[in-house]
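Peer 1: One structure, as structure tokens, below. Some questions next.
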Amino acid sequence: MVEITALTRPDNVTLVAGATQYWRDPQHGQGWAEALTRQVQGRTLLVGMPAPALAKGIAEAAAAVHVVTRGIPDAAEIGTLLPESTVWCGDISDVRADGFDTVLMVADAAEVLPLESATRTWRAVVDDVLSLAKDDATVLAFVENDLGLHRLSGRFNPRSSDLDSDWDPTRTWDATRPRTVDQVRAAFPGAQVHTVWPHPVEVGLLASPDISPEALELYAEHVSLLPLQGADPGWLVDAFARAGRLADSAPAWLVTLRGRTIADVELVHGDALITMPVPETGTRSALGVFAELCTASDLPQIRRLVAAWSASTADGGWDASFGLCQAHLAGEEWVVTPFVPKDVTDSAEERWRALAHLVGGMHIRAWRSPWSSTASAYRILNHLGLMSGLHTLSEAKANRLLPSLPDEESLAAGTPQELAALVTKQAHEVHALRSKLRWTELMLDQERLKPATATVALARAAKKSASSKVTKALRMVRSRLG
Amino acid sequence: MDSSNYWYGHAHALSRYCGLDEPPPIRGIVQHGWTFVHGYGAAHKPPLGLTRFAWSDVCRRRGQIIGWRDYEPIGAPFLYLMATEEEEPQGREGTIWYPFHGTPDFESVAGDHQGLIDEILATETGPVTMCLYFIEYENPEIRRLYEEAGFRVITHGQRGAKWQGTDADFMRRQLRELRRHERVASNRLSTAMFYGIQAGCEAAIYGDPMELVDMKDGFDGEQLFRAWYPFMFDAQVDDKLGRELAAQELGVAHMLPPEELALTLGWTNG
């Protein structure tokens, strides 16, 4: 809940109609500032709340930069960060500047329309943004997918949730919003379109929807399972891929008009995008295969897969991440093929790194696995190391390699493994308590039955007694009457 | 019932619209004046568990973004009063002028009243009725300034506080006055401006907005209003734009039929 305070802003911020008090939007472009900055030329308009790195990068690359936010706190922050810029706060249609050489719409149109404005459609807002660009301007627009994986695997239903951050005037009911790749292409004729993964805000991958479905699945799965917190959309990626609808289920799309060409697959690495090879068709990622075998507790197949993976990456020169290796069955044996070259000096170290990430992810995401809850990540890592022919490593080194749960300060005191074991123990205690309670209930029921049984017995005895008394009396009367 | 529901005769206007002589307790808190924040005053935090009967949907949305919930927009009580008080056929003349006012609770207005008078005299061509809030009306020095300027000086009555001193005819008196005038004017965008526009007056906002002393942080929207609604700050406000804004902020689209209003306010079972 927000405390009402006086809102201040630097002099380079101009409030226009629609400027919204107290509202803050998520910051966009954190992981791909350099990639977006490469698109900038001349006077540049940045629409939506940019991450500081992106804002600074754009400001350095552009001849002049204007930023449009809808929330006053956001505008004040950007205005302070970029004192030479012009910041507009409010409705895009009220911005008194145009003729921009570059327009970067880093937020979806739904995050551009302020609540103080009359509701307009997604299309109308996009048109308002585009109207500020020169005819030959470079335009990058970010379109969130209403049917994206992040929505389907999120904790909350954005149609009905009632969080403070859920106000949105052009949400899911807007009929003009594109919801498939074809609709995006129709909305931006002539534009280059890329699918964006794994989240509209936390971008890790740009991939062309035109690459093979297998290649798209492989990369989508790789980046969707990388963030080791939140929902695990891995099975959804696979299900959509098998349904032939993966490009339509991307969390977002990036539309590029007249900008620098973006390669078919670009992976976010730091603030840069790295062009990635497009793997062969007809195979799956080793990560996806491992996840399936893991949850099926198929240790023999895991052993074969890991051995094949280790053999294929043993000569070095490859990124050994399971998500960046292809795998397919040839008869009864797995064939694993790494396809992303990497300058590797020690292939054993690279394989330990990949294994540690696999194990860490498995533990943090609490996958069902062939290992019992008492097995620490260290033990599992060494088990996989033995399968790989790498043998074992020390606990200290394992702990250095194993990823920890990010952004969870409260969990810092214990390792994920310890916490998982604790949760399991507590689950057992809960089960035990439930059993005890059930037992006590049964005992109580029986105790309740006892008096009832006694009452019935007493009644019967009384009846019997009474009956015998009556019989005795009758006998007496009859005898007296003769 | 929350005492602010009675202010200005709001509860009475609502009950009359529902066919009741006296207002039963309202199951919630009715917004008592136009604001740009969350529908209530700086120190007025409606208790949880009671519905916030805001005037408009934009007000509900403003509350939503600061984390407030349980809003039900019903439209301003003034709209219900207008629906029950037929306009008597009479000519409209002159300007009713509402200088921005303080409140009995916190704020007071400080500024150059004589400067404002000079500007009004330079702008208005017809007779001027200066309607003072009861706080300024009860200040003989301020009242005399406007009287000596040749204005007709009135007040609509007492707002009241804590169930005491409320003039239930405040808003009714205000509606009658507004319907007698051709124009409504003020030095700030305020409730009275929207009422006046809705009651058929042409609108004007001009003159020194004056300073609100002891205004709570975040409750002085003067700069924001000029960014949001620049068209309102003119000696002759565009009629169409003014009416659209008044309809939005008073919640015309959210007015309820009598049966629904009674049910919503908790006056009938259901």
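The values are calculated or read from the model by the stated rules, or taken from the named source; none is laboratory data. Note that the coordinates shown come from a computational prediction; the quantities given were computed from them, not determined experimentally. With ideal geometry, Cβ positions are generated from the backbone for all residues, glycine too; neighbour counts draw on all protein chains shown. Ligands, DNA and RNA are excluded from the accessible area calculation, which covers all protein heavy atoms including side chains. Shrake-Rupley method; radii C 1.70, N 1.55, O 1.52, S 1.80 Å.
Peer 1: Only residues that are assigned to a loop (DSSP other than H, G, I, E, B) and either at pLDDT below 95 or of a type in the set (Gly, Ala, Ser) (or both): list them for the range B:221-255, please.
Peer 2: The initial filter retains those residues of the range B:221-255 that are assigned to a loop (DSSP other than H, G, I, E, B), namely B:221, B:229, B:233-238, B:251, B:255.
Correct list: B:Gly221, B:Ala235, B:Gly251.
Peer 1: It is to be established whether one or more residues within the range B:1-10 are in a loop (DSSP other than H, G, I, E, B) and either modelled with pLDDT under 85 or open to solvent by less than 10 Å² (accessible area, probe 1.4 Å) (or both).
Peer 2: Initially, the range B:1-10 is screened for residues in a loop (DSSP other than H, G, I, E, B), giving B:1-2, B:6.
Now restrict to residues that are either modelled with pLDDT under 85 or open to solvent by less than 10 Å² (accessible area, probe 1.4 Å) (or both): B:1-2.
The answer is yes; a qualifying residue exists.
Peer 1: Where residues in the range A:41-72 are touching a strand residue (DSSP E or B) at 6+ places or on another chain (Cβ under 8 Å), open to solvent by less than 30 Å² (accessible area, probe 1.4 Å) and small (Gly, Ala, Ser), which of them is nearest to B:Arg62 (Cα to Cα)?
Peer 2: Residues of the range A:41-72 that are touching a strand residue (DSSP E or B) at 6+ places or on another chain (Cβ under 8 Å), as a first pass: A:41-51, A:54-55, A:58-59, A:61-72.
Adding the requirement that they be open to solvent by less than 30 Å² (accessible area, probe 1.4 Å) leaves A:42, A:44-51, A:54-55, A:58, A:62, A:65-72.
From what is left, the residues that are small (Gly, Ala, Ser) are A:42, A:48, A:51, A:55, A:62, A:71.
Working: A:Gly42: 37, A:Gly48: 20, A:Ala51: 25, A:Ala55: 28, A:Ala62: 35, A:Gly71: 12 Å.
Going through the qualifying residues, I end up with A:Gly71.
Peer 1: Taking the range A:94-118 as the region of interest, how many residues are surrounded by fewer than 21 Cβ atoms within 10 Å (Cβ to Cβ), more than 13 Å from chain B (Cβ to nearest Cβ) and farther than 15 Å from A:Pro26 by Cα?
Peer 2: 4
Peer 1: Return yes when B:Gly94 is within 14 Å of chain A (Cβ to nearest Cβ) and over 19 Å from the mean Cα position of the chain (by Cα) and no when it is not. It would help to see each step written out before you state the result.
Peer 2: On the way: within 14 Å of chain A (Cβ to nearest Cβ): no; over 19 Å from the mean Cα position of the chain (by Cα): yes.
No, not satisfied.
Peer 1: Still on this structure, please answer the following. Residue under question is B:Arg16, and the condition is that it be outside any loop (DSSP other than H, G, I, E, B) and more than 18 Å from the chain's Cα centre (by Cα); does it hold? Give the derivation first.
Peer 2: Details: outside any loop (DSSP other than H, G, I, E, B): yes; more than 18 Å from the chain's Cα centre (by Cα): yes.
So B:Arg16 passes the test.
For (1) within 14 Å of chain A (Cβ to nearest Cβ); (2) more than 17 Å from the chain's Cα centre (by Cα); (3) closer than 22 Å to B:Met130 by Cβ; (4) in contact (Cβ under 8 Å) with a residue 24 or more places away in the chain, each residue gets a yes or a no:
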| position | (1), (2), (3), (4) |
| --- | --- |
| B:Lys162 | no, yes, no, yes |
| B:Glu182 | no, yes, yes, yes |
| B:Asn187 | no, no, yes, yes |
| B:Gly200 | no, no, yes, yes |
| B:Val213 | no, yes, yes, yes |
| B:Asp217 | yes, yes, no, no |
| B:Ala227 | yes, yes, no, no |
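Peer 1: Here is a check on your reading of the model: is A:Glu3 closer than 30 Å to A:Pro251 by Cβ, at pLDDT below 95 and not in a strand (DSSP E or B)? Step through it out loud before you land on a result.
Peer 2: Numbers: closer than 30 Å to A:Pro251 by Cβ: no; at pLDDT below 95: yes; not in a strand (DSSP E or B): yes.
No.
Peer 1: Counting only residues that are surrounded by fewer than 19 Cβ atoms within 10 Å (Cβ to Cβ), give me the strands (runs of 3 or more DSSP E) lying completely in the range A:190-279 with at least 3 of them.
Peer 2: Working: elements: A:192-198, A:203-207, A:252-257, A:265-269, A:272-275.
Answer list for the range A:190-279: A:272-275.
Peer 1: If you don't mind, another one. Starting from the range A:245-258, keep only residues that are closer than 14 Å to A:Pro198 by Cβ, then list their pairs with residues that are among the acidic types (Asp, Glu) and assigned to a loop (DSSP other than H, G, I, E, B) whose Cβ atoms are within a distance under 8 Å, requiring at least 6 positions of separation or different chains.
Peer 2: A:Ala252/A:Asp108
Peer 1: From the list B:Leu241, B:Leu256, which one is within 14 Å of chain A (Cβ to nearest Cβ), over 16 Å from the mean Cα position of the chain (by Cα), under 23 Å from B:Ala83 (Cα atoms) and of a type outside the set (Ser, Thr, Tyr)?
Peer 2: On the way: B:Leu256 fails: within 14 Å of chain A (Cβ to nearest Cβ).
Only one candidate qualifies: B:Leu241.
Peer 1: If you take the residues of the range A:280-315 that are open to solvent by less than 30 Å² (accessible area, probe 1.4 Å), part of a helix (DSSP H, G or I) and not aliphatic (A, V, I, L, M), which of them is farthest from A:Ile58 (Cα to Cα)?
Peer 2: Filtering the range A:280-315 down to residues open to solvent by less than 30 Å² (accessible area, probe 1.4 Å) leaves A:283, A:285-291, A:293-294, A:302, A:305-306, A:308-310, A:312-313.
When the remaining residues are screened for being part of a helix (DSSP H, G or I), the result is A:286-291, A:293-294, A:302, A:305-306, A:308-310, A:312-313.
Those still in the list that are not aliphatic (A, V, I, L, M) too: A:288, A:290, A:294, A:309-310, A:312-313.
Values: A:Gly288: 37, A:Phe290: 41, A:Cys294: 45, A:Trp309: 42, A:Ser310: 43, A:Ser312: 42, A:Thr313: 40 Å.
By that ranking, first place goes to A:Cys294.
Peer 1: Hey, any hits in the range A:23-40 for a residue that's more than 14 Å from every other protein chain (Cβ to nearest Cβ), of a type in the set (Gly, Ala, Ser), surrounded by fewer than 21 Cβ atoms within 10 Å (Cβ to Cβ) and part of a loop (DSSP other than H, G, I, E, B)?
Peer 2: Of all residues in the range A:23-40, those more than 14 Å from every other protein chain (Cβ to nearest Cβ) come to A:26-40.
Remaining after also requiring of a type in the set (Gly, Ala, Ser): A:29, A:31, A:33, A:35.
Checking which are surrounded by fewer than 21 Cβ atoms within 10 Å (Cβ to Cβ) leaves us with none.
Scanning the range A:23-40 turns up no residue that is more than 14 Å from every other protein chain (Cβ to nearest Cβ), of a type in the set (Gly, Ala, Ser), surrounded by fewer than 21 Cβ atoms within 10 Å (Cβ to Cβ) and part of a loop (DSSP other than H, G, I, E, B).
Peer 1: Right, here's the next one. Is the range B:52-66 home to any residue that is modelled with pLDDT of 85 or more and farther than 30 Å from A:Ile72 by Cβ?
Peer 2: Checked the range B:52-66: no residue is modelled with pLDDT of 85 or more and farther than 30 Å from A:Ile72 by Cβ.
Peer 1: Conditions: (1) part of a helix (DSSP H, G or I); (2) of a type in the set (S, T, N, Q); (3) open to solvent by less than 30 Å² (accessible area, probe 1.4 Å). A:Gln326 meets all but one. Number of the miss?
Peer 2: Condition not satisfied by A:Gln326: (1).
Peer 1: Okay, moving on. Give the residue that is modelled with the highest pLDDT, with candidates limited to residues of the range A:269-305 that are under 18 Å from A:Phe322 (Cβ atoms) and among the acidic types (Asp, Glu).
Peer 2: A:Asp298
To keep it simple, each residue is scored yes or no on (1) polar (S, T, N, Q); (2) within 28 Å of A:Thr275 (Cα to Cα).
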{"position": "A:Leu299", "(1), (2)": "no, no"}
{"position": "A:Thr313", "(1), (2)": "yes, yes"}
{"position": "A:Leu324", "(1), (2)": "no, yes"}
{"position": "A:Ala327", "(1), (2)": "no, yes"}
{"position": "A:Ser372", "(1), (2)": "yes, no"}
{"position": "A:Glu395", "(1), (2)": "no, no"}
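Peer 1: Another one. Output the residues belonging to the range A:44-72 that are part of a helix (DSSP H, G or I) and within 14 Å of chain B (Cβ to nearest Cβ).
Peer 2: Going residue by residue through the range A:44-72, those that are part of a helix (DSSP H, G or I) are A:52-61, A:72.
Passing the criteria: only A:Ile72.
Peer 1: Another question about this same structure. For the range A:369-401, how many residues meet the condition of being part of a loop (DSSP other than H, G, I, E, B), at pLDDT 90 or above and among the hydrophobic types (A, V, I, L, M, F, W, C)?
Peer 2: Of the residues in that region, 2 qualify.
Peer 1: Does the range B:189-198 hold any residues that are assigned to a helix (DSSP H, G or I) and either closer than 19 Å to A:Ala19 by Cα or at the interface with chain A (Cβ under 10 Å from one of its Cβ atoms) (or both), and which are they?
Peer 2: Let us first name the residues in the range B:189-198 that are assigned to a helix (DSSP H, G or I), namely B:191-198.
Residues satisfying the conditions do not exist here.
Peer 1: Quick one: would you say B:Gly251 is closer than 27 Å to A:Ile4 by Cβ, under 17 Å from the mean Cα position of the chain (by Cα) and of a type in the set (Gly, Ala, Ser)?
Peer 2: Values: closer than 27 Å to A:Ile4 by Cβ: yes; under 17 Å from the mean Cα position of the chain (by Cα): yes; of a type in the set (Gly, Ala, Ser): yes.
Yes: the conditions hold for B:Gly251.
Peer 1: State yes or no: is A:Ala75 within 14 Å of chain B (Cβ to nearest Cβ) and either open to solvent by 50 Å² or more (accessible area, probe 1.4 Å) or in a loop (DSSP other than H, G, I, E, B) (or both)? Before the answer, list the steps.
Peer 2: On the way: within 14 Å of chain B (Cβ to nearest Cβ): yes; either open to solvent by 50 Å² or more (accessible area, probe 1.4 Å) or in a loop (DSSP other than H, G, I, E, B) (or both): no.
Here the answer is no, as A:Ala75 does not meet what is asked.
Peer 1: Looking only at the range A:11-22, which residues are assigned to a loop (DSSP other than H, G, I, E, B) and either away from every other protein chain (no Cβ under 14 Å) or β-branched (Val, Ile, Thr) (or both)?
Peer 2: From the range A:11-22, those assigned to a loop (DSSP other than H, G, I, E, B) are A:11-12, A:16-19, A:21-22; that's our starting set.
The answer is A:Asn12, A:Val16.
Peer 1: A further question on this structure: Could you list all residues from the range B:45-67 that are over 19 Å from B:Leu261 (Cα atoms), within 14 Å of chain A (Cβ to nearest Cβ) and either not in a loop (DSSP other than H, G, I, E, B) or not small (Gly, Ala, Ser) (or both)?
Peer 2: B:Lys45, B:Pro46, B:Leu48, B:Val58, B:Arg61, B:Arg62, B:Gly63, B:Gln64, B:Ile65, B:Ile66
Peer 1: Then there is this: With the structure loaded, tell me whether A:Asp91 is buried (at least 21 other Cβ atoms within 10 Å of the Cβ) and within 14 Å of chain B (Cβ to nearest Cβ) or whether it fails that test.
Peer 2: Numbers: buried (at least 21 other Cβ atoms within 10 Å of the Cβ): yes; within 14 Å of chain B (Cβ to nearest Cβ): yes.
For A:Asp91, the condition - buried (at least 21 other Cβ atoms within 10 Å of the Cβ) and within 14 Å of chain B (Cβ to nearest Cβ) - is met.
Peer 1: Would it be correct to say that A:Asp136 is open to solvent by 50 Å² or more (accessible area, probe 1.4 Å), modelled with pLDDT of 95 or more and part of a helix (DSSP H, G or I)? Full working, then the answer.
Peer 2: Numbers: open to solvent by 50 Å² or more (accessible area, probe 1.4 Å): yes; modelled with pLDDT of 95 or more: yes; part of a helix (DSSP H, G or I): no.
When the stated conditions are applied, A:Asp136 does not pass them.
Peer 1: Answer yes if at least one residue in the range B:40-49 is of a type in the set (Phe, Trp, Tyr), closer than 30 Å to A:Ala19 by Cβ and touching a Gly at 6+ places or on another chain (Cβ under 7 Å), and no otherwise.
Peer 2: Narrowing the range B:40-49 to residues of a type in the set (Phe, Trp, Tyr): B:40.
Among the residues that remain, those that are also closer than 30 Å to A:Ala19 by Cβ are: B:40.
Remaining after also requiring touching a Gly at 6+ places or on another chain (Cβ under 7 Å): none.
Checking the range B:40-49: not a single residue is of a type in the set (Phe, Trp, Tyr), closer than 30 Å to A:Ala19 by Cβ and touching a Gly at 6+ places or on another chain (Cβ under 7 Å).
Peer 1: Which number in (1) over 23 Å from B:Asp112 (Cα atoms); (2) in a loop (DSSP other than H, G, I, E, B); (3) away from chain A (no Cβ under 14 Å) marks the one condition that B:Asp208 misses?
Peer 2: So B:Asp208 meets the others, but not (1).
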